[in-house]
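Novice: Sharing a structure, written as structure tokens. Questions coming.
The values are calculated or read from the model by the stated rules, or taken from the named source; none is laboratory data. Computed from a predicted model, the values in this text were never measured in an experiment. Cβ atoms come from the backbone with ideal geometry, glycine included; neighbour counts cover every protein chain shown.
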Amino acid sequence: MNIEHLNSWNPWWSTKEVPAILKGILRPMHSIIHKSLHEKEIIVLTGVRRSGKSTLMYQMIASLLEKYNPSQLLYINLDDEALKGETLESIYACYRGEKNPREFSFVFLDEIQNIDNWEKFVKKYYDLKEKVKFIVSGSSAGLLKGDYASLLTGRNLTFTIFPLSFKEYIGFSHVNYTEQSATVKAQIMYHLNTYLEYGGFPEVYFKEEELKILLLKQYFDDVIYKDIVKRYNVNAKKITELAVYLLTNSGNFFSMRKIRSLTGLSFDSIKDYISYLEEAHIAIVVDSLSYSLKERSQLPKKSYSLDSGLRNSVCFRFSGDRGRLAENCVCIELLRRGKEIYYWKGKGEVDFVVKEKDNSLVALNVSYADEMQSRELRSLAEFRQTFKKVKKCIIITRDFEDNKEGILFIPLWKWLLSE
């Protein structure tokens with residue numbers, strides 16, 4: 001291992017600062033992650049490619065440079081082809097031998113999924129109480145499944161990094177959404193429409209309109225080929241067809257038989273492929289609300305996309321897409337807020353049921369319109385009659401607001417900015 005290669009990844013060793021181009025814009029929602037830098041546990045950042053994990057790491061390094069010597073901070077991007085053949089042990093030994101033999105160190109390992117047995121490496125130094133804090137990132141939700149989970153149980157703090165929330169998106173646009181005026185309201189509605197169309201990937205936000213879709217298509221291809229095809233050696237054409245099908249039909253029930261007819265895959269392969277798409281954070285699968293695991297596994301599932309812009313870049317578009325996109329947006333925001341979500345179907349349907357920590361239920365329907373929808377009211381009334389511990393019922397609208405018969409009508413923009 002050549003120290004010159006480490007030098008190229010760690011410019012602050014000579015300049016004593018992180019280059020401005022790498023730091024991006026601070027995201028308030030990540031404040032808890034910055035605080036966890038001073039806890040003993042290994043920090044694990046997971047999330048879809050290009051959601052801002054690397055930028056967050058650079059921001060953490062910048063904050064640490066205010067208190068620590070530059071040589072105490074090591075960053076390595078394990079996507080680097082020049083590191084092929086190197087082990088984490090050889091990289092770490094080179095760093096310790098050449099830059100920091102004795103002092104406490106913060107070691108940032110980006111795109112960790114490219115290294116086999118990484119979890120054994122970090123566990124070893126954690127258990128030996130080495131003077132090191134590991135911060136690792138990866139674009140697979142499977143980072144802490146199976147062997148990873150058992151080896152690192154009780155030793156890690158895991159955070160999922162999402163693309164921008166609408167509140168962050170508005171912040172990027174320097175709109176003071178707390179100001180109540182017609183001008184600000186118009187700006188919020190304009191940015192909401194743009195957000196629903198192009199999503200919340202940070203770099204996409206700053207691109208010209210004609211480049212946004214091209215970049216989003218590239219993101220989609222990168223996820224498919226780098227995070228799924230390369231890792232699992234699956235059929236690229238079939239996994240792409242399945243991804244496009246699920247994203248196009250976001251908010252709809254999906255049929256295993258229809259997918260089998262579309263792709264020619266066996267039922268077992270379809271289950272595997274869907275799990276790969278979930279692990280790569282490109283698709284979200286929502287189960288039916290049921291207190292029986294067996295029943296839940298047998299009932300239909302619904303699919304959503306982690307980012308509306310990603311969906312729109314590769315999918316067939318329909319006239320009712322704005323309503324689909326609003327529902328997809330609500331799904332992502334609920335997950336971003338750490339909610340456990342399901343759907344429910346009786347005679348009517350509830351789009352999202354949130355199971356709270358006290359086991360109470362919150363029901364949300366998305367009706368992207370400006371008037372009361374009797375169908376949505378009937379569905380929520382049926383839901384309240386079926387379940388005892390219903391804490392709240394909400395209908396997300398386009399711009400209609402009311403509170404009637406215990407049901408809160410709230411515009412999408414206001415709900416997205418409410419927390």
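Novice: Given the options 261, 250, 313, 275, name the one that is outside the structural domain of residue 138 (by TED's automatic domain parsing) and either touching a Cys at 6+ places or on another chain (Cβ under 9 Å) or not in a helix (DSSP H, G or I) (or both).
Specialist: 250
Novice: Here are 198, 169, 232, 177: which of them is in contact (Cβ under 8 Å) with a residue 12 or more places away in the chain and in contact with a Lys or Arg (Cβ under 7 Å, 6 or more places away or on another chain)?
Specialist: Being in contact (Cβ under 8 Å) with a residue 12 or more places away in the chain and in contact with a Lys or Arg (Cβ under 7 Å, 6 or more places away or on another chain) holds for just one of 198, 169, 232, 177, which is 198.
Rundown of residues vs (1) surrounded by fewer than 22 Cβ atoms within 10 Å (Cβ to Cβ); (2) polar (S, T, N, Q); (3) more than 19 Å from residue 141 (Cβ to Cβ); (4) outside the structural domain of residue 27 (by TED's automatic domain parsing), yes/no style:
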position	(1), (2), (3), (4)
197	yes, no, yes, yes
201	no, no, no, yes
206	yes, no, yes, yes
214	yes, no, yes, yes
231	yes, no, no, yes
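Novice: A follow-up question, please. Identify all residues within the stretch 14-40 that are surrounded by 12 or more Cβ atoms within 10 Å (Cβ to Cβ) and part of a helix (DSSP H, G or I); write none if there are none.
Specialist: Once the filter is applied, which keeps residues that are surrounded by 12 or more Cβ atoms within 10 Å (Cβ to Cβ) and part of a helix (DSSP H, G or I), the stretch 14-40 yields 22, 23, 29, 30, 33, 34, 36, 37.
Novice: Given the conditions (1) in a strand (DSSP E or B); (2) more than 21 Å from the chain's Cα centre (by Cα), which single one is not true for residue 370?
Specialist: Only one criterion in (1) in a strand (DSSP E or B); (2) more than 21 Å from the chain's Cα centre (by Cα) is unmet by residue 370, namely (1).
Novice: Of all the residues that make up the stretch 159-194, how many are assigned to a helix (DSSP H, G or I) and in contact with a helix residue (DSSP H, G or I) (Cβ under 7 Å, 6 or more places away or on another chain)?
Specialist: Count: 10.
Novice: Counting only residues that are under 30 Å from residue 222 (Cα atoms), charged (D, E, K, R) and surrounded by 19 or more Cβ atoms within 10 Å (Cβ to Cβ), which one in the stretch 99-122 is modelled with the highest pLDDT?
Specialist: Only one residue fits best here, namely 110.
Novice: For a quick check of your reading of the model, give me the residue pairs whose first member lies in the stretch 252-267 and is under 20 Å from residue 288 (Cα atoms), whose second is of a type in the set (Ser, Thr, Tyr) and surrounded by 14 or more Cβ atoms within 10 Å (Cβ to Cβ), with beta-carbon atoms closer than 6 Å and at least 6 apart or on different chains.
Specialist: Qualifying pairs under 6 Å: 254/303.
Novice: Exactly one condition in (1) modelled with pLDDT under 95; (2) small (Gly, Ala, Ser); (3) under 24 Å from the mean Cα position of the chain (by Cα); (4) over 18 Å from residue 227 (Cα atoms) is not met by residue 181; state its number.
Specialist: Condition (3) is where residue 181 drops out.
Novice: Kindly indicate the residue of the stretch 1-13 that is free of Cβ contacts under 8 Å to residues at least 40 places away in the same chain and part of a helix (DSSP H, G or I) and also farthest from residue 70 (Cα to Cα) among those meeting that condition.
Specialist: Across the stretch 1-13, the extreme among qualifying residues is 4.
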